[in-house]
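Below is one structure, written out as structure tokens; the observations come after it.
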Amino acid sequence: MAVKVAVLGGLGLMAEAALHDLARATGVSQIFAADREIARAPAVLAKIPGRKKIKVVQIDLTDTAAAARALAGANVVLNASWYELNLKAMDLALALGAHYVDLGGLFHMTLKQLARRREFEKAGLWAVLGCGSTPGITNMMVARLAREFDTIDTVGIYDASWDPTQTQESFLPPFSIRTMLDEYVMPAPVWKGGKLASVKAHSEPDTLDFVAPIGRCQAGTVIHSEVATLPGYLKAKRVQNLFFKIVYPPAVKAQLAMMVAMGLDQDKPMPVNGHSVSPRRFLTALAQKSALGISGDPGDFEVLRVRITGTANGASLTRELDCEMRAQGAVSAGAAGVGYTGSLVGLMLARRQTQKRAGVDAPESALKEDIFFKELADRKVFRFVERMERSPL
């Protein structure tokens with residue numbers, strides 16, 4: 001079956017990595033790079049060897065009927081647009097009769113999306129939520145490790161990265177500036193003592209050691225989609241605690257703090273010289289414009305870590321799994337982790353490599369684990385390192 005994929009937000013940094021991956025996939029006949037703003041198109045397409053498969057389409061996601069006409073024939077919708085538009089992107093997938101994949105809903109949006117299960121089941125379609133690096137790879141890492149446990153006390157999910165371009169003097173958001181601001185200010189949902197709770201953003205720090213060049217660093221708790229789905233998935237293991245923590249370099253945290261202090265995270269328009277301007281939308285536009293100036297191959301490095309403690313066969317058990325990601329040519333490690341994963345999940349849906357026929361769910365409940373990790377390995381970007389400790393109770 002020849003697959004046609006519509007990539008929404010199709011000229012953003014994460015989508016650019018997905019375009020690279022889809023363009024070299026033998027089963028993909030056409031790719032729609034669909035975006036509201038298409039100024040980046042020439043720069044993006046110039047880097048992609050298989051660009052003849054790609055058609056740039058200008059759409060407005062809020063106009064479902066018009067977007068569906070523009071993307072007619074797509075079998076899969078890969079949503080790399082802002083997470084605030086996830087429900088509209090799901091509307092578009094249903095209108096197209098296409099499977100749906102996105103990169104995450106930052107907890108609250110994910111809960112709203114899960115409520116649409118019956119619509120997709122009735123249509124015989126899949127919507128798999130949160131299929132980037134984290135959420136996404138991390139969810140599948142939890143599923144892979146959790147099998148060995150009889151009971152689970154704590155699941156810790158961590159994300160750490162190193163990028164020589166992220167300095168006090170130079171800052172380009174490694175992913176959506178809107179998401180970064182939300183993670184910086186919004187209370188963080190956690191699973192604590194077997195119940196859903198909330199803690200202050202970037203609180204409860206853990207000191208961690210990662211392979212060089214990241215080294216020793218601190219990770220703080222932030223809002224993330226894994227907490228919306230994994231506690232239910234692990235219910236039979238009687239999981240007590242689950243959280244997501246991220247490492248932000250001091251320079252990045254300082255710059256985010258300055259933006260928030262100036263009110264640039266606020267969406268409500270304010271008067272500026274006789275015009276009404278949303279600070280958040282203005283900042284988003286600046287970040288998108290900055291992305292146009294990116295040149296040269298990236299040299300970043302990222303590690304995803306899952307650490308689970310609990311019991312197995314009457315003994316205390318700790319299992320830890322790292323996923324190391326390095327830049328590949330013109331694609332950064334951070335973008336590859338997100339974009340390649342979204343791409344491969346979209347292809348898995350087209351091939352029906354899922355646990356059930358249809359529905360709306362997170363990757364741990366939707367995807368065939370062995371195929372997922374094989375697809376990751378085939379992309380030569382991801383390296384997994386596992387550690388285990390056992391001791392008598």
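Here, each number is a calculation from the coordinates, and none is a lab measurement. What you are looking at is a predicted structure, and each value in this text was computed from that prediction instead of being measured. No Cβ is skipped: glycine too gets one built from the backbone with ideal geometry, and neighbour counts run over all protein chains shown.
Test of understanding: ordering CYS323, CYS217, CYS131 by Cβ neighbours within 10 Å, fewest first, what list do you get? Listing CYS323, CYS217, CYS131 from fewest to most nearby Cβ atoms yields CYS217, CYS323, CYS131.
Sort ASP163, ASP60, ASP21 so the one with the fewest other Cβ atoms within 10 Å of its own Cβ comes first. Write out the running numbers ahead of the final one.
Numbers: ASP163 20, ASP60 13, ASP21 24.
Final ranking by Cβ density, sparse to dense: ASP60, ASP163, ASP21.
Kirkwood hydrodynamic radius of region 247-393, from the reciprocal of the average inverse Cα-Cα distance over all distinct pairs: 19.5 Å. In this simple spin-label model, placing a label point 7 Å from the Cα along the Cα-to-Cβ direction at both LYS356 and VAL385 gives a separation of 3.8 nm. Taking Cβ atoms as reference points and 11 Å as the exclusive limit, the residues near SER332 contribute a net charge of -4, counting Lys and Arg as +1 and Asp and Glu as -1. Principal axis analysis of the Cα atoms in the chain yields extents of 63, 50, 37 Å, listed in decreasing size.
Local charge for TRP126 was computed over the other residues whose Cβ lies under 13 Å away, with Lys and Arg +1 and Asp and Glu -1, and equals +4. Enclosing the Cα atoms of region 33-171 in their convex hull gives a volume equal to 192 cubic angstrom per residue.
Which of rounded, prolate or oblate describes region 175-284 when judged by the alpha-carbon gyration tensor and an a/c cut-off of 1.5? Cα axes put region 175-284 in the oblate bin. Estimated from the Cβ-Cβ distance and a Förster radius of 22 angstrom, the FRET efficiency linking SER316 and GLU369 is about 0.30. Could you list, in their original order, any pairs among LYS52/LYS122; LYS200/LYS368; LYS88/LYS235; LYS52/LYS112; LYS4/LYS380; LYS112/LYS368 whose Cα atoms are separated by more than 28 Å? Pairs exceeding the cut-off: LYS52/LYS122; LYS200/LYS368; LYS88/LYS235; LYS52/LYS112. Among DSSP beta bridges whose residues both lie in the chain, state the antiparallel percentage, nearest 5. Percent antiparallel among DSSP bridges in the chain is about 65.
How would you rank VAL76, VAL345, VAL227, going from fewest to most other Cβ atoms within 10 Å of each one's own Cβ? It would help to have the intermediate numbers written out before the result.
Details: VAL76 27, VAL345 30, VAL227 24.
The most exposed by this proxy come first: VAL227, VAL76, VAL345.
Would you tally the net charge around LYS47, using a Cβ to Cβ cut-off of less than 12 Å, leaving LYS47 out, and scoring K and R as +1, D and E as -1?
0
For region 329-392, how big is the tail of P(r) above 13 Å, as a whole percent of Cα pairs? Beyond 13 Å sits 69 percent of the P(r) for region 329-392.
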